[in-house]
Amino acid sequence: MIEHVETPHKLVALTFDDGPNPVYTLNVLEILEKVSGKATFFMIGSQMEKHPEVVKAVKAQGHEIGNHTYSHANLTSLTEDEALREMEWTDVIITEMTGAKPTIFRPPYLDYNATVVSMCNHFGYQMIGALNTDARDWEQPGVDYIVRKSRPHIKNGSILLFHDGFGDRSQTIEAVNILVSELYSQGYKMVTVSELLELQAGSR
């Protein structure tokens, strides 16, 4: 699971899980547009079917969409066939809605086993984690908490995790607004996960 990429460049990848959401995903797009930043959205297939217009907006602004399963199931508790379906359905939905096959995957709950790894190989996915999991924004611990716990993980090549779906994400949006402003003023450029991975591949 890739949590950061070694690079001499001031680049950070912001990632958002569990969308698309007609309110919070669009909030994120507005925040990023102000600083010409890009992000990666690990989307749930069933949510994409509900909000195709949000998927379209994300794609139109040049952000990346990754696979986060169809129903946010914990893959390690499923049979191999069930896990395959969870990943495959969303792979098809992303490809059909965006015209591009996803290349990255994040397992729900960041939980994986040998089966999930072999599925990633099957689909040609790289499995993506994050450094700031202790920010736990999904628990709505407060804006200050999310910001404070995320700051120490900001460095060249960091992958940071936030949530734009399932429940009230207003704390996350406020925290991301603060962090994006700080990143921008510190000279960081916000890029997609795949842009970071390309740097890593190029440095080998």
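Overall dimensions of region 57-114, expressed as equivalent-ellipsoid semi-axes from the Cα gyration tensor (√(5λ), whole Å, largest first), are 23, 12, 8. Here the 3J(HN,Hα) profile of region 142-151, calculated from phi with Karplus coefficients 6.51, -1.76 and 1.60 at θ = phi - 60°, is x, 4, 4, 5, 4, 5, 4, 7, 7, 3 Hz, Gly and Pro shown as x.
In this structure, the amide hydrogen of H163, modeled 1.01 Å from its nitrogen in the peptide plane, lies closer than 5 angstrom to those of D17, counting only residues at least 5 positions away or on a different chain. Protein heavy-atom surface of the chain, 1.4 angstrom probe: 49% of the accessible area is carbon and sulfur, with nucleic acids and ligands not counted.
Taking amide H atoms as placed 1.01 Å from N in the peptide plane, the amide H of Y125 has no partner under 5 Å among residues 5 or more positions away or on other chains. In the context of the full set of protein chains, residues of the chain present 45 Å² of accessible surface per residue (probe radius 1.4 Å, heavy atoms only).
Report, in listed order, any pair from K101/K149; K50/K155; K56/K155; K34/K56 with a Cα-Cα distance greater than 27 Å. Violating the 27 Å limit, Cα to Cα: K101/K149; K50/K155; K56/K155. All Cα-Cα separations within region 141-204 were binned at 10 Å from zero, giving a P(r) of 18, 47, 27, 7, 0, each value a whole percent of the pairs. Each distinct pair of alpha carbons in the chain adds a 1/r term; the inverse of their mean, the Kirkwood radius, is 16.8 Å. Highest average first, the peptides 131-137, 173-179, 31-37 ordered by how many other beta carbon atoms sit within 10 Å of their residues are 173-179, 131-137, 31-37. Using only the Cα atoms of region 1-60, build the gyration tensor, take square roots of its eigenvalues as a ≥ b ≥ c, and label the shape rounded, prolate or oblate: rounded if a/c is under 1.5, else prolate if a/b is larger than b/c, else oblate. Verdict is oblate for region 1-60. Rounded to the nearest 10 degrees, the inclination of helix 170-185 to the longest alpha-carbon principal axis of the chain is 60 degrees.
The values are calculated or read from the model by the stated rules, or taken from the named source; none is laboratory data. Please read all numbers here as calculations on a predicted model, not as lab measurements. Ideal geometry is used to build each Cβ from the backbone, glycine not excepted, and the neighbour counts take in all protein chains shown. What goes into the accessible areas is simple: the full protein's heavy atoms, side chains included, and nothing from ligands, DNA or RNA. Shrake-Rupley method; radii C 1.70, N 1.55, O 1.52, S 1.80 Å.
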